[in-house]
Amino acid sequence: MRPVCSRCHLPLPACLCAWVRPIANRLPLLVLQHPQEAAQAKGSLRLLGLSLSACRVQVGDSFDPAALTAWLGPPGSSLLLYPDAPGAPPRPADALPQPAQLVLLDGTWRQARALLRRHPALQALPRWALPAVAPSRYRIRRAQQPAQRSTLEAACTALGQLEDRPAHYAPLLAAFSGWVDAVAARAEAGCGG
């Protein structure tokens, strides 16, 4: 077995701890991660979770309804970052009710849709889709559509807009770009990881 970093749990050559940027987020983040995504070395949630002060991750594909209800809190307190029905007009962040928590689904779009379908409590949450944003920096994984973002990019953009301080998350987005470049360089050099 290759030596593994005790903090990020990646093999030492792929350790991302140098890219962690401690950020105090005002709006807590709950991320429900599909188990297959948890094993993905190129996933952005690991860096996000190590950087944000208020980020809770629950891994699974079928959560206990009572546990999920407890994590989501009272009705109206959580906002799901997920596209509305096709054709629904995007809503600006200042037109939303102020949530007590932002909820993200981490996985491929197929996995995220499956998580949403399996959990009526998630379906009942108010949803918000990011408005048009800058191009994704996540060139190490393929997106199905140009507007799709990594979990880290989506979380930083959403938190920046909901907290009305997008510049607060710029250091983490810049670190993410550096990490993506490092992963891409290792892949091009044939080092993997």
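The values are calculated or read from the model by the stated rules, or taken from the named source; none is laboratory data. Since the structure is predicted, the reported quantities are computational estimates derived from the model, not experimental observations. Note that we place each Cβ from the backbone using ideal geometry, even for glycine, and neighbour counts take in every protein chain shown. In case anyone asks, the SASA skips ligands and DNA or RNA and just uses the protein heavy atoms, side chains included. Shrake-Rupley method; radii C 1.70, N 1.55, O 1.52, S 1.80 Å.
Listed by first and then second residue, the pairs with beta-carbon distance under 8 Å, at least 6 apart or on different chains, first residue in the range 109-122 and within 17 Å of Leu45 (Cβ to Cβ) and in contact (Cβ under 8 Å) with a residue 40 or more places away in the chain, second open to solvent by 90 Å² or more (accessible area, probe 1.4 Å) and outside any loop (DSSP other than H, G, I, E, B), are Gln111/Gln36.
Is at least one residue of the range 151-161 in a helix (DSSP H, G or I), open to solvent by 80 Å² or more (accessible area, probe 1.4 Å) and at pLDDT below 95? Scanning the range 151-161, I find no residue that is in a helix (DSSP H, G or I), open to solvent by 80 Å² or more (accessible area, probe 1.4 Å) and at pLDDT below 95, so the answer is no. Of all residues being open to solvent by 50 Å² or more (accessible area, probe 1.4 Å) and closer than 14 Å to Leu79 by Cβ in the range 91-122, which is modelled with the highest pLDDT? Just the residue, please. Of everything passing the filter in the range 91-122, Ala100 is modelled with the highest pLDDT. Look at the range 168-189: where a residue is of a type in the set (Gly, Ala, Ser) and a partner is assigned to a helix (DSSP H, G or I), sitting 6+ places away or on another chain with Cβ atoms under 8 Å, you get Ala175/Trp19; Ala175/Leu47; Ala175/Ser51; Gly178/Trp19; Ala182/Trp19.
Kindly indicate the residue of the range 69-90 that is out of contact with any strand residue (DSSP E or B) (no Cβ under 8 Å at 6 or more places or on another chain) and not small (Gly, Ala, Ser) and also modelled with the highest pLDDT among those meeting that condition. The qualifying residue modelled with the highest pLDDT is Thr69.
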